[in-house]
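Accompanying notes for the structure given below.
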Amino acid sequence: MSEVSEIIDTEVSSAQDDGILTEQYLTFIMSGEEYGVDILAVQEIRGWESATPIPNSPKFIKGVINLRGTIVPIIDLRQRFDLAEIEYGDETVVVVLRIYTQNGTRTMGIIVDAISDVYDVPIGDARNTGMGDNQNSNFIKGLVTVNKHMVILLELENLLTIED
């Protein structure tokens with residue numbers, strides 16, 4: 001997806017010009033809300049293709065794909081967040097994420113409705129949700145306001161844990 005690469009390249013160069021310490025987030029849309037993931041964790045963005053189902057896996061695991069010899073589990077983020085299901089369309093994409101945890105490297109794909117943008121977020125600008133401790137709040141790193149709208153930043157280490 002060359003348009004995403006162009007967006008990322010443009011945003012990286014503008015962040016360096018400002019002199020403000022920032023973190024970059026790739027954002028995507030689900031159920032009318034904008035979510036963001038750390039751009040450094042994004043390995044690849046792919047169009048939706050069916051995955052090989054795995055028996056007895058949680059409902060939000062759509063299966064696995066073979067990505068250049070690596071088996072990558074695919075999570076339907078709508079189901080993971082208990083949002084209404086929709087049919088996958090032309091804008092539906094899989095964002096392949098790679099994070100480094102104390103248990104080693106983890107690679108997973110998340111199915112999202114559509115890619116939105118890349119934002120530079122000043123370090124320390126993310127605010128607490130104030131929602132206490134519930135299942136979905138464990139997936140949220142914080143909230144930021146970008147261009148007068150709220151973006152939900154996701155905590156990838158918790159999100160990419162398959163256990164409920």
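The values are calculated or read from the model by the stated rules, or taken from the named source; none is laboratory data. Nothing here was measured: the structure is a model prediction, and the numbers come from that model. Note: ideal-geometry Cβ built from the backbone for every residue, glycine included; neighbour counts use all protein chains shown.
Values for this structure:
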{"read-out": "Hits in the range 52-71 (condition: part of a loop (DSSP other than H, G, I, E, B) and more than 18 Å from the chain's Cα centre (by Cα))", "value": "53, 54, 55, 56, 57, 58, 59, 68, 69"}
{"read-out": "Pairs, first free of Cβ contacts under 8 Å to residues at least 40 places away in the same chain and small (Gly, Ala, Ser) in the range 40-63, second surrounded by fewer than 17 Cβ atoms within 10 Å (Cβ to Cβ) and not in a strand (DSSP E or B), C-beta under 6 Å, six or more apart", "value": "63/53; 63/54"}
{"read-out": "Search result, residues across the range 67-92 that are over 19 Å from residue 27 (Cβ atoms) and polar (S, T, N, Q)", "value": "70, 79"}
{"read-out": "Residue within the range 59-82 that is at pLDDT below 90, among the charged types (D, E, K, R) and closer than 20 Å to residue 32 by Cβ present", "value": "yes"}
{"read-out": "All positions within the range 1-48 that are in contact with a Leu (Cβ under 8 Å, 6 or more places away or on another chain), part of a helix (DSSP H, G or I) and modelled with pLDDT of 50 or more", "value": "39, 41"}
{"read-out": "Positions within the range 82-109 being surrounded by 20 or more Cβ atoms within 10 Å (Cβ to Cβ) and either over 12 Å from the mean Cα position of the chain (by Cα) or touching a residue at least 60 places away in the same chain (Cβ under 8 Å) (or both), in sequence order", "value": "93, 95, 97, 109"}
